[in-house]
Amino acid sequence: MHPSFKLLPTTLLLVGAVTATQVQAVEVIEERIATEHHELRLERIASGLEHPWAMALLPDGRYLVSERPGGLALVDETGEITRLDGVPEVNARGQGGLLDVVLHPQYGDGDHDWVYFTWSQAGRGGTATTLSRARLDGEALVEVEEVFVQDRYSDPGRHYGSRLAWLPDGSLLMSIGERGSPERAQDGGDHAGSILRLTETGGVPEDNPFVDDEATLDALYTLGNRNPQGLTVATDGTIWSTEHGPRTGDELNRLEPGENYGWPEVSLGFAYTSDKRIGRDSAPGMRDPVHVFDGRFAPSGLAEVTSDAFPAWQGDLLAGGLLSERLERLRLAEDGSVSSEVILDGQIGRIRDVRQGHDGYLYLLEDDARGGLYRLVPAD
């Protein structure tokens with residue numbers, strides 16, 4: 001059942017949120033957006049977020065939003081923002097900072113009320129992608145503990161990866177970019193340029209694909225990844241990632257344990273300063289992308305649609321784009337082909353994150369110095 005709406009003179013809506021007792025003030029950005037299957041309304045829940053990077057929807061309907069300069073914002077049902085105490089000091093140089101944030105799959109049961117977040121930590125003359133977890137207590141993080149730190153601190157300050165996604169068995173996937181040094185993605189003795197699979201406490205699952213390979217670190221799940229900033233586990237257990245290529249060549253990959261995704265030996269992109277192609281189209285022993293985005297998409301944020309609010313999109317993927325400012329819907333056919341539809345094209349700017357909330361609606365973050373938290377709902 002869709003919420004009922006009351007139009008106010010200020011163009012604000014009063015919208016029923018997760019429970020009947022919660023009322024949320026939102027600003028309507030576009031009343032009706034036509035797509036192939038659904039008509040949508042675009043709403044802004046909050047603004048004034050400083051380069052927001054990721055969001056998690058708490059069970060009580062509030063939102064946790066990471067801000068790249070180092071703030072973790074708690075956004076309530078009125079759009080009011082409170083920055084939490086207790087966040088580690090991040091290094092926000094370049095593309096670094098406070099990055100992804102997810103809840104433990106059993107968050108809310110009292111025993112597993114952990115918030116997991118990735119961030120760039122300074123040390124040893126460089127920075128390292130780090131995974132920490134903490135508990136939320138009022139307006140602060142408490143019991144903050146480092147769960148995992150990549151093995152090499154290094155410059156330059158880019159390509160941290162940092163997306164997180166839980167597998168059905170309770171293990172945690174974490175992406176780490178190649179940190180701007182392409183050769184690291186093919187080095188099995190380096191966490192950079194890979195997807196990791198960890199336990200909830202940062203250990204290595206005993207069935208990881210490389211645990212018996214002395215030349216490859218035990219935590220690696222895949223390698224040959226450039227800078228994956230979209231990551232989701234579908235309801236059927238398949239793992240999908242969107243990855244920044246060089247100029248053009250941005251990819252959608254289906255991740256399989258132990259596979260090599262080619263960077264920089266295989267690529268469909270070009271150098272930034274010339275029209276020179278980087279790598280080959282394909283190579284033995286390396287996985288090709290399932291889909292390559294048109295132009296300079298710059299992917300960030302990926303979610304599977306499972307909500308009854310969007311019945312025609314069941315099982316489709318929604319991918320956010322930064323430079324392109326697009327939200328694309330990707331439909332995966334049984335023959336392996338992918339069709340796409342542009343859902344948003346510049347309405348909110350650089351799309352950094354895409355999530356489906358437990359209320360069934362779709363949430364987006366705008367990457368800007370005064371960015372916003374947005375929601376897509378059925379227009380009816």
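The values are calculated or read from the model by the stated rules, or taken from the named source; none is laboratory data. These numbers were taken from a predicted model, which means no experiment stands behind them. Using ideal geometry, Cβ is built from the backbone for each residue, glycine included, and neighbour counts are taken over all protein chains shown. Surface accessibility is based on the protein's heavy atoms, side chains included, excluding ligands, DNA and RNA. Shrake-Rupley method; radii C 1.70, N 1.55, O 1.52, S 1.80 Å.
Cβ-Cβ distances below 6 Å connect the following pairs, each with a first residue in the range 199-228 that is open to solvent by less than 50 Å² (accessible area, probe 1.4 Å) and part of a strand (DSSP E or B), a second residue that is of a type in the set (Val, Ile, Thr) and modelled with pLDDT of 95 or more, and a separation of six or more residues or different chains: Tyr221/Ile195; Thr222/Ile195.
Test Arg158 against the stated conditions and say whether it is at pLDDT 95 or above and either open to solvent by 20 Å² or more (accessible area, probe 1.4 Å) or in contact with a strand residue (DSSP E or B) (Cβ under 8 Å, 6 or more places away or on another chain) (or both). So Arg158 passes the test. The single condition among (1) open to solvent by 10 Å² or more (accessible area, probe 1.4 Å); (2) within 20 Å of Ala128 (Cβ to Cβ); (3) of a type in the set (Lys, Arg) that Arg163 does not satisfy is (1).
Yes/no matrix, rows are residues, columns are (1) under 25 Å from Asp109 (Cβ atoms); (2) open to solvent by less than 20 Å² (accessible area, probe 1.4 Å); (3) modelled with pLDDT of 95 or more; (4) touching a strand residue (DSSP E or B) at 6+ places or on another chain (Cβ under 6 Å):
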| position | (1), (2), (3), (4) |
| --- | --- |
| Val26 | no, yes, no, yes |
| Glu39 | no, no, yes, yes |
| Val75 | yes, yes, yes, yes |
| Glu89 | no, no, yes, no |
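Residues that are in a loop (DSSP other than H, G, I, E, B) and of a type in the set (A, V, I, L, M) were ranked within the range 311-356; the one that is surrounded by the most Cβ atoms within 10 Å (Cβ to Cβ) is Ile348. Among the residues of the range 168-183, how many are farther than 24 Å from Ala271 by Cα and open to solvent by less than 20 Å² (accessible area, probe 1.4 Å)? Of the residues in the range 168-183, 4 are farther than 24 Å from Ala271 by Cα and open to solvent by less than 20 Å² (accessible area, probe 1.4 Å).
If you scan the range 129-159, which residues turn out to be of a type in the set (Gly, Ala, Ser), assigned to a strand (DSSP E or B) and under 18 Å from Gly108 (Cα atoms)? Matches in the range 129-159: Ala134, Ala140.
If you go through the range 334-348 and keep only what is more than 19 Å from Gly249 (Cβ to Cβ), at pLDDT 95 or above and not β-branched (Val, Ile, Thr), you end up with Ser339, Glu341, Leu344, Asp345, Gly346, Gln347. Scanning the range 51-70 for residues that are part of a loop (DSSP other than H, G, I, E, B) and touching a Lys or Arg at 6+ places or on another chain (Cβ under 7 Å) returns a single hit, His51. Going by the structure shown, is Arg163 among the charged types (D, E, K, R), under 24 Å from Ala303 (Cβ atoms) and within 21 Å of the chain's Cα centre (by Cα)? Yes, satisfied. Of all residues in the range 95-115, those that are farther than 25 Å from Leu49 by Cα have Cβ atoms under 6 Å from Cβ atoms of residues that are of a type in the set (A, V, I, L, M, F, W, C) and at pLDDT 95 or above, 6 or more apart or on another chain, in Pro105/Trp166.
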